[in-house]
Amino acid sequence: MPRYVVNRKFEVGEDETLTAGLAMIMIGIIQAGDWGWSSAAVLGLIAAGAATLAAFVVVELRSRDPLIDLRLFFGNARFVAANALAIPTYGAIYAVLFLAPLYLQNVQGLSAAEAGLRLLPFPLLFFLLSRPVGRMVGRTGPLPPMVAGSGLMIAAVLLLSFADAGSGELLLGTAFALMGAGQAFSLIGISSAALASVPAGKAGAASGIRSTASFAGGALWVALTGAILTVLERSSLADSTAELGRRLTTGELREADGLLSGSQSAQAAVEGLTPLDADAVRAAAAD
């Protein structure tokens, strides 16, 4: 029988260093809402994560067979730009896909199936436009689709910023359709720009770097979005309950987390917030 030999050998700590660095930064960001942005634990985790990622870069540059060939960035402004744009682009997509189902189900009260139908314009537009955009890239190069896609996604996010508890299908459907169209133009343009900027023999490595930048950046973006949302949510709820008769304390706000998702502990905590009316607090949380 033929024997197959895998020649790829990782330098010690390559993949572990990358994973550990990203994990520490994400944990620090996620926990900032509970521990405080200025707490030693949060600042320590983020600093340790950044230092670990710096160590990863050093390891990769010294490796003869790196996990991620960072040398492709040297003197290649197009490759740097394509990967830099991939991070906020994927971040916007991930953030919308993270927040929109929570908003549709917990605030608007839709079922999971109904929420999925509301989101359908997002993947549908991406599917319908992918092939035409691919042909467009062949004619115009990647820059025009990247610019058009960024504009469409900015318009989508701005439109979603006007959404509230009573927003209808027209506003949401238009925003999700714009996001899907922007995704098609942006991601295909970014991928084309990244691959076209390196020698043919490095296309696989370039694709891997682009994917890593996209997914790692997207994950960090979601963690940051969740942390910001928690701060804004608690601040707004505290102001709303003050108008109802008593401002909730930091501990009470933390206990009320999960109220809209049906958390039993949060429901019980709200019931005990005398003299506040529990239904009024629920309504304030939804607003």
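Which is among the small types (G, A, S) and under 17 Å from P142 (Cα atoms), of S167, S191?
Being among the small types (G, A, S) and under 17 Å from P142 (Cα atoms) holds for just one of S167, S191, which is S191.
Scan the helices (runs of 4 or more DSSP H) fully inside segment 169-275 and keep the ones with 3 or more residues being within 23 Å of the chain's Cα centre (by Cα) and without any contact (Cβ under 8 Å) to a residue 12 or more places away in the chain.
Working: elements: 169-196, 203-244, 250-255, 264-271.
Those helices (runs of 4 or more DSSP H) span 203-244.
Here is a list of conditions, (1) open to solvent by less than 40 Å² (accessible area, probe 1.4 Å); (2) in contact (Cβ under 8 Å) with a residue 60 or more places away in the chain, and D287 meets all of them except one; can you say which number that is?
It fails just one condition, (1).
Can you tell me which residue is nearest to the chain's Cα centre (by Cα) among those in segment 155-168 that are in a helix (DSSP H, G or I) and touching a residue at least 12 places away in the same chain (Cβ under 8 Å)?
Within segment 155-168, the first condition is being in a helix (DSSP H, G or I), and the residues that meet it are 155-160.
Now narrow it down to the ones that are touching a residue at least 12 places away in the same chain (Cβ under 8 Å): 155-157, 159-160.
On the way: A155: 17, A156: 15, V157: 13, L159: 18, L160: 16 Å.
Ranking the qualifying residues of segment 155-168, first place goes to V157.
Count, please, the residues in segment 276-287 that happen to be in a helix (DSSP H, G or I) and not hydrophobic (A, V, I, L, M, F, W, C).
If we filter segment 276-287 for residues that are in a helix (DSSP H, G or I), which is where we start, we get 278-286.
Filter again for not hydrophobic (A, V, I, L, M, F, W, C), leaving 279, 282.
Residues in segment 276-287 being in a helix (DSSP H, G or I) and not hydrophobic (A, V, I, L, M, F, W, C): 2 in total.
Can you give me the number of residues within segment 33-52 that are crowded, with 17+ Cβ neighbours inside 10 Å, farther than 17 Å from L18 by Cβ and at pLDDT 85 or above?
1
In the list G258, G217, G245, G226, which residue meets the criterion of being surrounded by 13 or more Cβ atoms within 10 Å (Cβ to Cβ) and at positive phi? Can you show your working first?
Working: G217 fails: at positive phi; G245 fails: surrounded by 13 or more Cβ atoms within 10 Å (Cβ to Cβ); G226 fails: at positive phi.
Exactly one residue qualifies, and that residue is G258.
Among the numbered criteria (1) modelled with pLDDT of 90 or more; (2) at positive phi, which single criterion is violated by S186?
With respect to (1) modelled with pLDDT of 90 or more; (2) at positive phi, S186 is out only on (2).
Touching a Pro at 6+ places or on another chain (Cβ under 8 Å), open to solvent by 30 Å² or more (accessible area, probe 1.4 Å) and closer than 27 Å to L119 by Cβ, is that true of S211?
Considered against the rule, which asks whether it is touching a Pro at 6+ places or on another chain (Cβ under 8 Å), open to solvent by 30 Å² or more (accessible area, probe 1.4 Å) and closer than 27 Å to L119 by Cβ, S211 comes out as no.
Taking segment 53-84 only, how many residues are open to solvent by less than 50 Å² (accessible area, probe 1.4 Å), assigned to a helix (DSSP H, G or I) and either farther than 17 Å from A196 by Cβ or out of contact with any Phe, Trp or Tyr (no Cβ under 9 Å at 6 or more places or on another chain) (or both)?
7
The values are calculated or read from the model by the stated rules, or taken from the named source; none is laboratory data. Keep in mind the model is a prediction, meaning the values are calculated, not measured. As a convention, Cβ positions derive from the backbone with ideal geometry for all residues, glycine included, and neighbour counts pool all protein chains shown. Please note that ligands, DNA and RNA were not included when accessible areas were found on the heavy atoms of the full protein model with its side chains. Shrake-Rupley method; radii C 1.70, N 1.55, O 1.52, S 1.80 Å.
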